[in-house]
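One structure is given below, encoded as structure tokens.
The values are calculated or read from the model by the stated rules, or taken from the named source; none is laboratory data. If you're wondering where the values come from, they're calculated on a predicted model, not measured in any experiment. Cβ placement follows ideal geometry from the backbone for every residue including glycine, while neighbour counts extend to all protein chains displayed. What goes into the accessible areas is simple: the full protein's heavy atoms, side chains included, and nothing from ligands, DNA or RNA. Shrake-Rupley method; radii C 1.70, N 1.55, O 1.52, S 1.80 Å.
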Amino acid sequence: MLNIASTDPPIVQFTSIGRKDSLRNVEDTGEFVVNFSSEPLLHLIRDTATDFPRTVSEFGTAGIERGPSRHVRPPRVAASPVVLECRSHTTLRMGNSTLVFGRVFLAAVHEEYIVNGRPDAERLRPLTKLGGDEWGTLGEILHLNRIPYEEPQVV
């Protein structure tokens, strides 16, 4: 599960329940890459969710093509439409989980997913991991303008 922890400086946070490879890799290297998953990648991403032994590569087993990262050593998923290259900032153990905070050094969005200078959710078609064997898709997107605050008029 990925969350934004700070925008200035840019820091993201993910949670490892137990001691999974993602956590071990961050502890070993101090770096990680967040690869956003989109609907077309669902089955490839699902294939990496197996609890493989540490000696087995999820990339290789699932047939996922790697791409080089620009600022960190871990590779990126070549087909991922959005990639965040991060260096470990802080880890916090909480119960059976570890929260990993990472400073983002590169946020890369493939140009075909950019509309009016911003990533477009309808083009990205992001996936969410809900728990167990459940995944979520974006569904309908609602566009609502924010209501501007106006000072009360003194009469």
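Approximating the spin labels as points 7 Å out from Cα along Cα→Cβ, the residue 42-to-residue 135 distance works out to 0.6 nm.
For residue 78, the residues whose modelled amide H falls within less than 5 Å of its own, excluding neighbours fewer than 5 places apart on the same chain, are 65, 66, 67. In sequence order, the stretch 19-31 has phi-based couplings of 10, 7, 4, 4, 5, 4, 5, 5, 5, 6, 10, x, 9 Hz under the Karplus curve 6.51 cos²θ - 1.76 cosθ + 1.60, θ = phi - 60°, and Gly or Pro positions carry x. Of the whole protein surface, residue 94 contributes about 110 Å² of accessible area at a 1.4 Å probe radius.
Within the accessible area of the stretch 1-133, what % is carbon and sulfur when the probe is 1.4 Å and the other protein chains stay in place? On the stretch 1-133, the fraction of accessible area on carbon and sulfur atoms equals 52 percent. With the cut-off at under 15 Å, measuring from each backbone N in the stretch 16-38 to a point 7 Å along the Cα-to-Cβ line of residue 52 picks out 20-25. Put a plus charge on the Cβ of each Lys and Arg, a minus charge on the Cβ of each Asp and Glu, and nothing anywhere else: the dipole of the stretch 1-125 about its Cα centre is then about 340 debye. From the residues 56, 86, 141, which one has its Cα farthest along the dipole of the chain in the positive direction, the dipole being from +1 and -1 charges on Cβ of Lys/Arg and Asp/Glu about the Cα centre? About the Cα centre, the residue reaching furthest to the positive side is 56.
Counting only protein heavy atoms and a 1.4 Å probe, the stretch 1-131 has 62 square angstrom of accessible area per residue.
On the principal axes of its alpha-carbon atoms, the chain has extents of 73, 33, 33 Å, going from largest to smallest. What range in the chain is the longest one free of GluC sites (Glu not before Pro) that are in a loop by DSSP and have at most 12 other Cβ atoms within 10 angstrom? Answer - 66-139. With all protein chains in place and ligands, DNA and RNA left out, the 1.4 Å accessible area ranks 90, 55 as 55, 90, largest first.
When the chain is treated as a GNM with alpha-carbon contacts under 10 Å, the residue of 143, 89, 43 showing the greatest mean-square fluctuation is 143.
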